[in-house]
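First the structure, in the form of structure tokens, and then the observations on it.
Just so it is clear, none of the values below were taken in a lab; they were calculated from the coordinates. Predicted model only: the values in this text are computed from it and were never measured. As a convention, Cβ positions derive from the backbone with ideal geometry for all residues, glycine included, and neighbour counts pool all protein chains shown.
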Amino acid sequence: MQNTETVKRETSSRMDTKKLTVLAVMTAMAYIAMMLFKFPVVLFLKYEPKDVIITIGGFMFGPLASVIMSAVVSLVEMVTVSDTGPIGALMNFISTCAFACTAAVIYKKIHSLKGAVIGLASGTAVMAALMMAWNYLITPIYMGIDRETVAGMLIPAFLPFNLLKAILNSGITMLIYKPLSNIMRKAHVLPESTPANGSESGVKRYAFIYIIAAFMIVTCIAVIIIWNN
């Protein structure tokens, strides 16, 4: 009995070490994505795909993982490449957590394709609403302009930007999460999925989701290009 319990503890310890290593790598990847892949959209607002990696981390390891990754990336960004200081770091943290943590919480409760879709849609709505309020309150301080001017930018600029950003992140997440999670399972970092995920109906559902995700990505990229021309 002791040998069995010892084996279980050692196996659990190895799994925890693997998870911490994967989270550290994903956090570094999120930071690199933030640095290398920034695309201007409107005003001073830029799109970068770090939220995709942080959301996938939350799907794999729970919402707390998203919180930790968001905090680390925002802090490191503040002290390395950002010129927006603590306000910018806090804004980035709130924006990412609103999207990634909302999606991860729902996916944890409804651990299925349906849960992932509901989580991403909910994350999109929560982030858009929260950032509207945040921009109204903080942007006048951040940009040094009056609040009436900021209020006039909420609908034509801030709202569509945040919706566009979240929808694009959702599309990319849906496209790459399943293949990446399968790789993690083969590496024994994640537990095995249920057999239903590999059924014919499951394959068809995922194929449909991939088509929708690709359409979302292409549409959002087209909107960004048009917006910048």
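Dipole magnitude for segment 2-227: computed about the Cα centre from +1 point charges on Lys and Arg Cβ and -1 point charges on Asp and Glu Cβ, it is near 700 debye. Look at LEU168, LEU154 and count the other Cβ atoms within 10 Å of each Cβ; fewest to most, that gives LEU154, LEU168.
Close amide-amide hydrogen proximity is noted between TYR47 and PHE39, VAL41, each under 5 Å apart and 5 or more residues distant or on a separate chain (H modeled in the peptide plane; Pro and chain starts excluded).
The distance from the alpha carbon centre of segment 16-60 to that of segment 88-161 is 16 Å, rounded to a whole number. With the charge dipole of the chain set up from +1 on Lys and Arg Cβ and -1 on Asp and Glu Cβ about the Cα centre, the Cα lying farthest toward the positive end among the listed residues ILE217, LEU43, VAL150 is that of ILE217. Taking 22 Å as the straight-line reach from the Cα of LYS109, the lysines in range (excluding those fewer than 8 positions away in the same chain) are LYS19, LYS178. Residue-wise HN-Hα couplings along segment 65-77, as the Karplus relation 6.51 cos²θ - 1.76 cosθ + 1.60 with θ = phi - 60° gives them from phi, are 4, 5, 4, 5, 4, 4, 5, 5, 5, 5, 5, 5, 4 Hz; Gly and Pro carry x. Extension gain for the segment MET143 to ILE221, taken as residue separation times 0.36 nm less the Cα-Cα distance, is 25.4 nm to one decimal. The label-point distance for ILE68 and LEU159, in a model that sets each label 7 Å from Cα toward Cβ, rounds to 3.8 nm. Computed from the mean reciprocal separation of all distinct C-alpha pairs, what Kirkwood hydrodynamic radius does segment 2-227 have, in Å? Over segment 2-227, the inverse of the mean reciprocal pair distance is 18.7 Å.
Computed per residue of the chain from DSSP H runs no shorter than four, each worth -39500 (n - 2.57), the mean residue ellipticity at 222 nm is -28000 deg cm²/dmol. Exposure proxy shown here: for ILE212, ILE56, ILE145, the number of other Cβ atoms within 10 Å sets the order, fewest to most, as ILE145, ILE212, ILE56.
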